[in-house]
Amino acid sequence: MTINDHLKQTGKATGTFYFKQFKVEDGRSTMKVGTDAVLLGAAVDVAGAENFLEIGTGSGVIALILAQRSEARIDAIDIDTASVNQAKENVATSPWYDRIKIIHSSLQDFIHSSDKKYDLVVSNPPYFSRSLKSPKESRNISRHNEMLSFDDLVSCSTKLMTAEASLWVILPVKESDEFIKTASDKGLFVHFQMKIFPKAGQCQHRNIFHLKKTPSSFAKEAILVIRNSDNSYSEDYIALTKEFYLDF
């Protein structure tokens, strides 16, 4: 049984997920609730940051996790109308409805319409560039990077970040090198990397990166294994996510 199966309640409509302090409906969102989003929201260092920006919020789950973990004000943008409407509904029923603002905008447009600077920027970005596409165009926008290339993500984020701000992203291993090269070329440098393995003995499948404008000669590293060899959840994974998942 997956984490998503634990979150879904029997007798409820598909696409309803219950966390310890909030619930998320994702039936109309192009990006569904998943492990990547929860991991990123849980791993981000929120200490000292007061103004957050989430790029590509989907159902709003990352923004809600960040709100639970902080006292910050959070702007969350998305290009997809249905996702924005659903994220607004999810935020409205949460305890943090007055600290999260959902904005219907592409990142490229947002940098021209906002003069605000953020000390924390977070994104679970689209990363497929040459893979088979879905017949549903809105799904393609959320998963494929034609509408938000790594170059645009880094360039626009840099313009919206304060001098000491942090950018946090989660990416598959395959796309990580391209992203880090793009970031370095644009003046963002890795300060921390979390290498994520789905199960003990399996290959790494995700990276979480923490980047800043200041160069770093040494990036700290951590390793997170989600499941033990017997398929149980690891102590590290439970410790990272226990404030959110009902079963932990």
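Once the other residues with Cβ under 11 Å from the Cβ of VAL46 are scored (Lys, Arg +1; Asp, Glu -1), what is the net sum? Summing Lys/Arg as +1 and Asp/Glu as -1 gives -3.
The Cα atoms of region 75-119 give a gyration tensor whose axes a ≥ b ≥ c have a/c of 1.5 or more with a/b no greater than b/c, which makes the shape oblate.
Could you tally the net charge around SER176, taking each other residue with its Cβ under 14 Å from the Cβ of SER176, Lys/Arg +1 and Asp/Glu -1? Summing Lys/Arg as +1 and Asp/Glu as -1 gives -1. Histogrammed with a bin width of 5 Å, the alpha carbon distances of region 150-231 distribute as 3, 15, 24, 22, 15, 9, 6, 4, 1, 0 percent, first bin at zero.
Using a simple spin-label model with pseudo-atoms 7 Å out from Cα toward Cβ, GLU243 and LYS20 lie 0.8 nm apart. Full extension of the chain between GLU89 and LYS195 yields a length gain of 34.8 nm, computed as 0.36 nm times the residue separation minus the alpha carbon distance. If the limit is 22 Å between Cα atoms, which of LYS23/LYS88; LYS20/LYS116; LYS159/LYS220; LYS101/LYS213; LYS32/LYS186; LYS117/LYS212 go over it? Table pairs above 22 Å Cα-Cα are LYS20/LYS116; LYS159/LYS220; LYS101/LYS213; LYS32/LYS186. As a calculated quantity, the FRET efficiency between LYS159 and GLU50 at R0 = 22 Å, using C-beta atoms, amounts to about 0.70. Restricting to the chain, compute how many DSSP beta bridges are antiparallel as a %, nearest 5. If we restrict to bridges inside the chain, about 40 percent are antiparallel. The modelled label-to-label distance for the pair ASP236/GLU178, using points 7 Å beyond Cα in the direction of Cβ, is 2.7 nm.
Rg then Dmax, both in Å and based on the Cα atoms of the chain: 17.1, 53.
Here, each number is a calculation from the coordinates, and none is a lab measurement. Given the structure is predicted, the values throughout are model-derived calculations rather than measurements. Don't worry about glycine lacking a Cβ; one is built from the backbone with ideal geometry, like all the others, and counts go over all protein chains shown.
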